[in-house]
1. Could you check Ile121 against (1) within 14 Å of ligand 1 (Cβ to nearest atom); (2) surrounded by 20 or more Cβ atoms within 10 Å (Cβ to Cβ) and say which number it fails?
2. Please state which of the following conditions Glu55 fails to meet, knowing it meets all the rest: (1) away from ligand 2 (no atom under 16 Å from the Cβ); (2) out of contact with any helix residue (DSSP H, G or I) (no Cβ under 8 Å at 6 or more places or on another chain); (3) open to solvent by 20 Å² or more (accessible area, probe 1.4 Å).
3. List the number of the failed condition for Trp151; all other conditions in (1) buried (at least 16 other Cβ atoms within 10 Å of the Cβ); (2) at positive phi hold.
4. List every residue pair whose Cβ atoms lie under 6 Å apart, where the two residues are 6 or more positions apart in sequence or sit on different chains, the first residue falls within region 29-55 and is acidic (Asp, Glu), and the second residue, located anywhere, is at pLDDT 70 or above and within 9 Å of ligand 1 (Cβ to nearest atom).
5. Tally up the residues in region 78-108 that are over 17 Å from Ile149 (Cβ atoms) and open to solvent by 50 Å² or more (accessible area, probe 1.4 Å), please.
6. Count, please, the residues in region 124-139 that happen to be of a type outside the set (S, T, N, Q) and open to solvent by 40 Å² or more (accessible area, probe 1.4 Å).
7. Quick one: Phe142 ticks every box in (1) within 12 Å of Ile86 (Cβ to Cβ); (2) surrounded by fewer than 13 Cβ atoms within 10 Å (Cβ to Cβ) bar one, so which box is it?
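The values are calculated or read from the model by the stated rules, or taken from the named source; none is laboratory data. Because the structure is a prediction, the values reported are computed rather than measured. Every residue, glycine as well, gets a Cβ built from its backbone with ideal geometry; the counts of neighbours run over all protein chains shown. Quick note on the areas: whole protein, heavy atoms, side chains included, nothing else; ligands and nucleic acids left out. Shrake-Rupley method; radii C 1.70, N 1.55, O 1.52, S 1.80 Å.
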Amino acid sequence: MESRDYLFKVLVIGNGHVGKTSLVHRYVNDKFSKHYKITVGVDFALKVLAWSDTETVRLQLWDIAGQERFTSMTRIYYKEASGCIIMFDVTDSSSFRSVRSWKEDLDSKAMLPGGAPLPCILLANKCDLVPWQIPMETIEQFSKANGFIGWMETSVKENKNIDESLNFLVQKMLMLA
Ligand code: GDP
Ligand code: MG
């Protein structure tokens, strides 16, 4: 049988301190650490998935850094991306309020070759912490109203829903590839 190789560029965006670098580190190296240097600019990490007997998926994760709040990104950053993760911190309502701006910036600058918006998943991170500042119903409605493929609560710290959320995104990207 013929084997297929896919390379997907995946953007990881969201306010500072929500857990983006931790997510990439956890997903790629299976590690969590409390202390990361604040990345300035962009970091890349590669994860190779044996998706099926005949399909290999290479994920190139682009982890942005340097901004505590929303700032619009240059088009170059979004170029040729296949998918996106927008992350916020459930204990930080300002990080949730910024999600809309991140999504609008994404949709205004990035699209698939056919012109469709990029598949984008919304991650409600630090779900191990209480209290949540944003009710689940609010997140659910927001996710639907703003064109996300879906949302999941995650804890990078406790390794909850990390593989699941990335797999969900990969499935969508494969359908659109
Ligand atoms: P970034 O600025 O978005 O890249 O965020 P970092 O990955 O640097 O994480 C910011 C802080 O949040 C760090 O101290 C992490 O250890 C912590 N953190 C990340 N994910 C979680 C999580 O799921 N739960 C908890 N409790 N802390 C987390
Ligand atoms: Mg970071």
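1. (1)
2. Only one criterion is unmet by Glu55, namely (2).
3. Looking at each condition in turn, Trp151 falls short on (2).
4. These pairs meet every condition: Asp43/Asp63.
5. Number satisfying all stated conditions: 4.
6. Taking region 124-139 and keeping what is of a type outside the set (S, T, N, Q), we get 124, 126-132, 134-137, 139.
Filter once more, so that each one left must be open to solvent by 40 Å² or more (accessible area, probe 1.4 Å): 126, 128-132, 135-137.
Counting residues in region 124-139 that are of a type outside the set (S, T, N, Q) and open to solvent by 40 Å² or more (accessible area, probe 1.4 Å) gives 9.
7. (2) is the only condition that Phe142 fails.
Condition check ((1) closer than 21 Å to Ser22 by Cβ; (2) of a type in the set (A, V, I, L, M, F, W, C)) across all residues:
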| residue | (1), (2) |
| --- | --- |
| Val90 | yes, yes |
| Val99 | yes, yes |
| Ala110 | no, yes |
| Pro119 | no, no |
| Val130 | yes, yes |
| Gln133 | yes, no |
